[in-house]
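All remarks here apply to the structure that follows.
The values are calculated or read from the model by the stated rules, or taken from the named source; none is laboratory data. All values reported here derive from a predicted model rather than from experimental measurement. Cβ sites come from the backbone with ideal geometry, for glycine too, and all protein chains shown count toward neighbours. Accessible surface is based on the protein model in full, side chains and every heavy atom, while ligands, DNA and RNA are left aside. Shrake-Rupley method; radii C 1.70, N 1.55, O 1.52, S 1.80 Å.
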Amino acid sequence: MSTFKAKTWAFILFLSSTAHAGDLIINSMHSDPDVKKAFAQLLEDFKKENADIKVVLNTTSHEAYKVQIRTWLPNKAPDVATWFAGNRARYFIDKGLVEPIDDVWTGIDKQFSDSIKDVVTFNGKKYLMPLSYYNWGFYYRKDIFEKIGVKTPPKTWAEFTTIVEKLNKASISPIAIGIKDGWPAAAWFDYLNMRIHGYKFHMALMAGTESYLDPKVKKTFEVWQTLIKSNAFNKSAAAISWQEASALLWQGKAGMYLMGNFITTQIPKNIEDQIGFFPFPTLNPEIPNAEVAPVDVYFIPAKAAHKAEAKKFLAFLAKPETQQKFNQSVKLMPTNSTSITDAGDRFLKAGIETLRNAKNVSQFFDRDADPEVAKAGMDSFVELMARPDDINTIAKKIEAVRLRVYKK
Amino acid sequence: MKLFDDSKSPWVFLAPSLVLYGLYVLFPIVFTFYLSVTAWDGISSFPLPMCITSPETSCLSNFTELFEAELFWKSFTNNLLWLVFFGISPLFGLFLALFFHVKSNFASPLKTLLFMPMVFSLIVVGMIWSWFLQPGFGLVDTVLHLLKLLPPDQEFGLMTELGLAPNAGVILAAIWPHSAYCMILYLAGLSNLPKNVFEAALIDGANRWQLLWHVILPMLKPATIIVVIVTMIGALRAFDIVAIMTNGGPANSTNTLALYMYQETFVNFRYGYGASIAVVLFMISVGLILAYLRQIKKGET
């Protein structure tokens, strides 16, 4: 299937080489039906304002896109492409493959929060246009919390661990997790490390300038290890997927679940009212809260043929109305803070509040870190959760990969 | 009038398939060998060998790194496990084929049932087995709980272990369809055997074991060669079932060389290093198969 797509794509590229001025070619990885539909609507609205621009959209599946972008970006690039914010984007920016778009940002930058502007700015220039993001945090069973006598969700780590204890006493797995794929474990590392040592240290670690042998990282692992050893997580986590772990929450076998807001679209109808949300508790009161909130962005490749049209499109994406309409239909949050968000969805509302209180947003471990380090990291986190004895060996494994990657 | 003279015509007829073979088989092999001495990341301009771009590095440094990598040896060990245990499936296949050959009239619905996994895509097989082995609510857990072999508050932890254990689940899943495949190959072999030889052997007073050991098995040798070679290749290129059941996890416990190659190339984007794994895997496969064929030839003389 993917080779077929690749061929189709190559064919489109071939056609595009004869495209006229006034065309706009967009490559997208958002192949999910809902998002695809909402994006098609967005393009319709764009065409209404820009009847002279002919838009061509190529949508590829997520995984294939990640591989193929490396082929077309340096060679025959489209005019606009979707990508992730943060270090994943820095990789292409450092290679000179992305066009700076400070001119598009002039006049509108006050409409975006500092934490958003931070993840689209590299070496003082803005390269990316954010469209949506979503928050992470705990989704929990209100009925179970009530049963063990917990009235309000925890704000501090002490309150949090008390709840873990109480749930264990009631023979309910305190926290659901499924790490057949490593990334749900990485969310724990992100949050613990940011809550204990702050955003700045975490991002330096992600960018490869801090060591995994640093005592600070060890401290993060120790807090995590203590939690694992207190039976805070469900059994057999290493063999189940994140969806199977969410089933534990729906069935009332687990009390809470650290996940992205996308999980709320999967809550079964009959327990919808029983699910609540709370942000990751504070561990160190001196550290301002940073949240994990992956931002989806659009950028103009340096080799794009129709940059003027592409800039018009990015300016259109930035508009509060555009962001509001698109994100409302896909249950994501607009990055433009002047967009009015419908408070109809209580999870979105809670998420927006959480992010409003956040000083910074990180992009998630596997987007912030170099892909190789991220893979070694996630393998090691799975190892830690399955066998929480030997923190040093685990740290050394990640460090070995970091040293190799960043000595280049 | 002739378009080509006779000496040329075979080449003319072969040309289309030779072109395709060259393009899709020979060229990728040669290209992979070339990539294995580069440090290509898939995005920079076309790579020159490492020792040319930076004279202080050896052109073989991908390979030195590979042989020092813990993950390489882990994957290699797992492939060895595959060779040994996946290698049992020809025995199952032979047993089933003999059974159905003898009882062919009664057994055809059963034969169809046993042949079924062979028709499934390996992805489906992998999904089915990961549901069987699902800790907590899978079939294996449910049965063990029912038979009281496992206390109700415990889960069968085969697939959550770090180490060699979870390979058992994955290889078991792979044996299921592969035994059916071996059965079909042996059944075809059996149906080609001349009946009068069996009769002659029985008249000469051979018992059934002697018939099997001295008559049937030697005559099945061509089928056996094919079966053993497909099994070896299957064990060495183990990828799809592993990818779907565990994706190499937990923490790389079930990784195989083919999956490791895929991850390095398309997850970590180290095309050069990935190619060096491909080269090593290629060498191992060719070496093993040549050694086997040589052994066979020796037996014949």
Original post:
Using 7 Å Cα-to-Cβ label points, what is the residue B:84/residue B:45 separation (nm, one decimal)?
Top reply: 5.1
Original post:
How much length is gained on full extension from residue A:286 to residue A:114, taking 0.36 nm per residue of separation minus their Cα-Cα distance?
Top reply: 59.9 nm
Original post:
Roughly how tilted is helix A:307-318, in degrees to the nearest 10 and between 0 and 90, from the longest Cα axis of chain A?
Top reply: 40
Original post:
Could you list log10 I(q)/I(0) for segment A:40-188 at q = 0.13, 0.15, 0.18, 0.20 Å⁻¹, which the Debye formula gives when each Cα is one point scatterer?
Top reply: -0.86, -0.97, -1.17, -1.34
Original post:
Any idea what angle helix A:2-16 forms with the longest principal axis of chain A, computed on alpha-carbon atoms, 0 to 90 degrees, nearest 10?
Top reply: 30
Original post:
Using a 1.4 angstrom probe on protein heavy atoms only, which residues from segment A:83-130 are buried by at least 10 Å² of accessible area when all chains are present rather than their own chain alone?
Top reply: A:91, A:95
Subject >> Value at 222 nm in deg cm²/dmol, rounded to 500, when DSSP H runs of n ≥ 4 in the protein assembly as shown each add -39,500 (n - 2.57) >> reply: -17000 deg cm²/dmol
Original post:
How much space per residue, in cubic angstrom, does the convex hull of the C-alpha atoms of segment B:242-301 take up?
Top reply: 90
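So for each of B:110-116, A:364-370, A:395-401, B:24-30 I average, over its residues, the number of other beta carbons within 10 Å; can you give me the resulting order with the highest mean first?
Result, highest mean first: A:364-370, A:395-401, B:110-116, B:24-30.
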Subject >> Peptide A:376-389, shielding by other chains (average Cβ, 10 Å cutoff) >> reply: 3
Original post:
Regarding chain A, what are the three Cα extents along the principal axes, ordered largest first, in Å?
Top reply: 69, 50, 43
Subject >> For B:269-275, mean number of other protein chain Cβ atoms within 10 Å >> reply: 2
Subject >> Estimated distance in nm for a label pair at residue A:353 and residue A:262, the labels positioned 7 Å out from Cα along Cα-to-Cβ >> reply: 2.5
**OP:** Sum up the charges of everything whose Cβ sits under 13 Å from the Cβ of residue A:311, counting Lys and Arg as +1 and Asp and Glu as -1, but leave residue A:311 out.
**Re:** -2
**OP:** For residue A:295, enumerate residues with amide H under 5 Å from its amide H, sequence gap 5+ or separate chain, H modeled in the peptide plane.
**Re:** A:85
Original post:
Taking θ as phi - 60°, what are the ³J(HN,Hα) couplings along segment B:114-122 by the Karplus curve (6.51, -1.76, 1.60), each to the nearest whole Hz, with x for Gly and Pro?
Top reply: 5, 7, 3, x, 5, 7, 5, 6, 4
Original post:
Given R₀ = 25 Å, FRET efficiency for residue B:128-residue A:393 by Cβ-Cβ distance, to 0.05?
Top reply: 0.10
Subject >> Calculated diffusion of segment A:16-117, Stokes-Einstein form, Kirkwood radius summed over Cα pairs, 10 °C and 1.306 mPa s, µm²/s >> reply: 102
Subject >> For segment A:241-392: rounded, prolate or oblate by the Cα gyration tensor [a/c cutoff 1.5] >> reply: oblate
**OP:** Based on the mean of other Cβ atoms within 10 Å per residue, sort peptides A:105-118, A:265-278, B:270-283 so the most packed one is first.
**Re:** B:270-283, A:105-118, A:265-278
Original post:
How big, in percent, is the set of alpha carbon pairs in segment B:59-218 lying more than 26 Å apart?
Top reply: 51
Original post:
In segment A:125-266, what percent of the accessible surface is made up of carbon and sulfur (1.4 Å probe, ligands and nucleic acids excluded)?
Top reply: 52
Subject >> C-alpha long axis of helix A:346-356 to longest principal axis of chain A, angle in ° >> reply: 80
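Tell me, what is the per residue accessible area of the protein assembly as shown in Å², probe radius 1.4 Å? Mind dumping the intermediate values first?
Values: 34270 Å² over 709 residues.
About 48 Å² of surface per residue is accessible.
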**OP:** Work out from phi, with θ = phi - 60° and the Karplus expression 6.51 cos²θ - 1.76 cosθ + 1.60, the ³J(HN,Hα) of each residue of segment A:212-227, listed in order in whole Hz, and give x for Gly and Pro.
**Re:** 6, 8, 4, x, 5, 5, 4, 4, 4, 4, 5, 4, 5, 4, 4, 4
Subject >> Dimensionless Rg ratio for segment A:148-301, taking C-alpha atoms and the 2.2 N^0.38 Å reference >> reply: 1.10
**OP:** Could you pull out every one of the lysines with an alpha carbon less than 20 Å from that of residue A:95, ignoring same-chain neighbours closer than 8 positions?
**Re:** A:66, A:76, A:125, A:126, A:303, A:307, A:407, A:408
Original post:
At a 1.4 Å probe radius, carbon and sulfur cover how many percent of the accessible area of segment B:1-87?
Top reply: 76
Original post:
Cα gyration tensor of chain B, axes a ≥ b ≥ c as square roots of the eigenvalues: rounded (a/c below 1.5), prolate (a/b > b/c) or oblate?
Top reply: oblate
Original post:
What residues of segment B:126-147 lose no less than 40 Å² of accessible area with every protein chain in place versus their chain by itself (probe 1.4 Å, heavy atoms only)?
Top reply: B:134, B:137
**OP:** Relative to the compact-globule scaling 2.2 N^0.38 Å, provide the ratio for the alpha-carbon radius of gyration of the protein assembly as shown.
**Re:** 1.11
**OP:** Show the residues, 5+ positions off or on another chain, whose built amide H is closer than 5 Å to the amide H of residue A:122.
**Re:** A:127
Original post:
Tell me, what is the percent relative contact order of chain A, built from C-alpha pairs under 8 Å that lie six or more residues apart?
Top reply: 27
Subject >> Point-to-point label distance, residue A:346-residue A:241, nm (Cα→Cβ direction, 7 Å offset) >> reply: 2.9
Original post:
Between rounded, prolate and oblate, where does segment A:63-139 land on the alpha carbon gyration tensor, with a ≥ b ≥ c its root eigenvalues, rounded for a/c under 1.5, else prolate if a/b exceeds b/c?
Top reply: oblate
**OP:** Under a 10 Å cutoff between Cα atoms, tell me which one of A:217, A:382, A:56 has the largest fluctuation in the Gaussian network model of chain A.
**Re:** A:56
**OP:** Return the value, in Å² to the nearest 100, of accessible area buried between chains A and B (probe 1.4 Å, both sides summed).
**Re:** 2400
Original post:
Using θ = phi - 60° and the Karplus form 6.51 cos²θ - 1.76 cosθ + 1.60, what ³J(HN,Hα) does each residue of segment B:139-156 get, whole Hz, x for Gly and Pro?
Top reply: 4, 4, 4, 4, 5, 4, 5, 4, 7, 6, 7, 9, x, x, 8, 10, 10, 6
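Please compute, for peptide A:64-72, the average count of beta-carbon atoms on other protein chains lying within 10 Å of each residue's beta-carbon.
Average neighbour count from other chains, rounded to a whole number: 2.
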**OP:** Kindly state, to the nearest 0.05, the FRET efficiency for residue B:233 paired with residue A:207, given R0 = 30 Å and r defined as their beta-carbon distance.
**Re:** 0.10
